[in-house]
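Scroll down for the structure; my scribbles are underneath it.
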């Protein structure tokens with residue numbers, strides 16, 4: 001068995017590193033899986049009714065984008081304009097019925113103590129950093145003894161969110177597609193004056209629960225992950241095909257296999273009684289790597305999977321091993337190549 005490590009050429013430029021404040025407007029619209037459809041529950045006179053309301057609108061936000069890693073450490077909401085579709089509720093009590101309509105429901109969101117922090121590794125954020133306020137909504141209809149006309153915007157409806165939200169960035173064109181999801185679970189108590197028996201007051205509660213999903217786009221330079229890594233490891237000004245960091249694999253493969261300048265290997269294959277094992281780093285592969293085979297060195301193909309006794313001939317990004325090649329079988333040459341340059 002003979003083996004080589006090789007890779008294609010890559011044109012280099014010095015990347016712009018670090019996180020950059022970015023302003024974006026996210027859109028909330030109809031989804032196919034139930035997101036942005038909220039359950040609104042009205043309780044009054046010991047009875048309740050629940051209806052569905054479709055929520056649409058926009059959210060204005062500030063992110064702190066790390067282009068090299070497609071992450072953000074900030075999600076600060078500076079304002080929002082949310083609208084819920086109208087709903088109707090009906091309760092039967094003794095010989096009477098309470099019929100209510102909730103119309104023109106509107107709300108806004110804001111980060112109460114900016115900036116809103118995000119775990120850049122997972123995209124998860126504490127939703128309690130943000131608050132929702134109902135800034136419009138009319139409850140009208142008939143009570144037991146009188147009509148009902150209540151303006152929710154006159155109530156103290158500002159409440160902190162709860163639970164965990166998540167934000168993700170996907171490279172797209174000159175920036176990133178943004179996806180934000182967060183739970184909404186709020187309730188508001190109010191009094192319907194004179195609507196009960198004998199003109200008594202009725203205590204009522206409006207509860208709103210659901211999962212909000214907002215999508216948008218943020219402009220930011222999309223940095224090739226290798227270029228960002230190269231700058232951090234001092235090889236941004238040399239070709240990726242150079243053997244600057246290792247004597248056995250070139251710079252691109254050092255990156256692809258999860259190594260850095262500090263631990264770049266000087267040996268990549270380890271012989272044993274059954275064949276050869278690929279010596280990987282403690283980190284998962286950063287990009288796909290091909291194990292290729294040739295009988296003449298003139299042309300290369302993926303190594304037959306039958307020769308790979310552990311792992312695959314095309315190792316995916318995120319792979320962490322082990323990888324073993326059988327000693328018996330074909331006679332020829334093996335090499336590694338980064339799939340991103342084939």
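Rundown of residues vs (1) within 30 Å of residue 127 (Cα to Cα); (2) assigned to a strand (DSSP E or B), yes/no style:
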| position | (1), (2) |
| --- | --- |
| 162 | yes, no |
| 170 | yes, yes |
| 189 | yes, yes |
| 206 | yes, yes |
| 217 | yes, yes |
| 235 | no, no |
| 241 | no, no |
| 246 | no, no |
| 254 | no, no |
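Looking at region 293-325 only, could you name the residues that are part of a strand (DSSP E or B), more than 31 Å from the chain's Cα centre (by Cα) and either within 11 Å of residue 256 (Cα to Cα) or modelled with pLDDT of 90 or more (or both)?
293, 294, 301, 302, 308, 324, 325
Report the residue count in region 264-292 for those that are assigned to a strand (DSSP E or B) and either more than 38 Å from the chain's Cα centre (by Cα) or not assigned by TED's automatic domain parsing to the domain that holds residue 251 (or both).
5
Assuming residue 244 fulfils every condition listed in (1) in contact with a helix residue (DSSP H, G or I) (Cβ under 6 Å, 6 or more places away or on another chain); (2) at pLDDT below 90 apart from one, which condition is it?
Result: residue 244 fails condition (2) only.
Is there a residue in region 135-150 that is part of a strand (DSSP E or B), farther than 30 Å from residue 260 by Cα, modelled with pLDDT of 95 or more and in contact with a helix residue (DSSP H, G or I) (Cβ under 8 Å, 6 or more places away or on another chain)?
No; the residues of region 135-150 include none that is part of a strand (DSSP E or B), farther than 30 Å from residue 260 by Cα, modelled with pLDDT of 95 or more and in contact with a helix residue (DSSP H, G or I) (Cβ under 8 Å, 6 or more places away or on another chain).
How many of the residues making up region 54-69 are crowded, with 19+ Cβ neighbours inside 10 Å and closer than 17 Å to residue 220 by Cα?
Result for region 54-69: 8.
Where in region 32-114 are there strands (runs of 3 or more DSSP E), lying fully within it, with 1 or more residues that are assigned by TED's automatic domain parsing to the domain that holds residue 190, within 20 Å of the chain's Cα centre (by Cα) and under 30 Å from residue 227 (Cβ atoms)?
So the answer is 47-66, 71-84.
Do you know which residues across region 269-284 are closer than 20 Å to residue 229 by Cβ and touching a strand residue (DSSP E or B) at 6+ places or on another chain (Cβ under 6 Å)?
279
Surrounded by fewer than 18 Cβ atoms within 10 Å (Cβ to Cβ) and in contact (Cβ under 8 Å) with a residue 60 or more places away in the chain: which single residue out of 203, 250, 211 fits that description?
Every option except 203 fails the conditions.
Cβ-Cβ distance below 8 Å, separation of 6 or more or different chains: which pairs start in region 117-130 with a residue that is assigned by TED's automatic domain parsing to the domain that holds residue 74 and end on one that is assigned to a helix (DSSP H, G or I)?
Going by the 8 Å Cβ cut-off, the qualifying pairs are 117/129.
The values are calculated or read from the model by the stated rules, or taken from the named source; none is laboratory data. If you're wondering where the values come from, they're calculated on a predicted model, not measured in any experiment. Heads up, the Cβs are rebuilt from the backbone with ideal geometry, glycines too, and the neighbour counts pull from every protein chain shown.
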